[in-house]
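Peer 1: Here it is, the structure, as structure tokens.
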Amino acid sequence: MGFLDTLKAWLATPEASQLEASVLHQVLGDGNQGGLSAIVDKLQKAGYGDQVKSWLGDGKNIPITGEELQEVLGNAQVKELAAKYGVPIDQIGPLLAQYLPKAVDKASPNGTLPRSA
């Protein structure tokens, strides 16, 4: 089962709220990215504060593109994730763009990410 299949299977479970955040934390935290909190910080510093605020808040999540995420993460991290999970490089950005807003949203029920995220 590839990365995408694993992620989709986990997100379909009743525990998806916790798993959604933990999967991306595991994926992004394994490398030099530091998990969801570090990605949120990077996105805010890169000018995506409006998107991040929407993910942390109760309203509709403003989307981010795969290209924007790849730019923030950097080519080395994208290549590392692609190699680690056997996903074509051109699919990593769109996958993260699809699931990162949901993961941040679910991991921040009070509008802030816990320190462990």
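The values are calculated or read from the model by the stated rules, or taken from the named source; none is laboratory data. Since the model is a prediction, treat every value here as computed from it, not as a measurement. Don't worry about glycine lacking a Cβ; one is built from the backbone with ideal geometry, like all the others, and counts go over all protein chains shown.
Peer 1: Considering only segment 38-53, state which residues are outside any loop (DSSP other than H, G, I, E, B) and over 14 Å from residue 99 (Cα atoms).
Peer 2: Listed by number, the residues that qualify are 38, 41, 42, 43, 44, 45, 49, 50, 53.
Peer 1: Could you tell me whether segment 23-40 includes any residue that is modelled with pLDDT of 85 or more and within 14 Å of the chain's Cα centre (by Cα)?
Peer 2: The answer is yes; a qualifying residue exists.
Peer 1: In addition: Please find, among 86, 111, 59, 93, the residue that is farther than 13 Å from residue 36 by Cβ, loosely packed, with under 13 Cβ neighbours inside 10 Å and touching a helix residue (DSSP H, G or I) at 6+ places or on another chain (Cβ under 6 Å).
Peer 2: Exactly one residue qualifies, and that residue is 111.
Peer 1: While we're looking at this one, here's another question. What are the residues in segment 76-111 that are assigned to a loop (DSSP other than H, G, I, E, B) and within 15 Å of the chain's Cα centre (by Cα), if any?
Peer 2: Result: 108, single match.
Peer 1: Going by what's in this entry, would residue 69 be described as modelled with pLDDT under 85, within 13 Å of the chain's Cα centre (by Cα) and over 18 Å from residue 111 (Cα atoms)?
Peer 2: No: the conditions fail for residue 69.
Peer 1: Moving on to the next point. Sort through 52, 104, 72, 40 and tell me the only one that's of a type outside the set (Lys, Arg) and touching a Lys or Arg at 6+ places or on another chain (Cβ under 6 Å).
Peer 2: The match here is 72.
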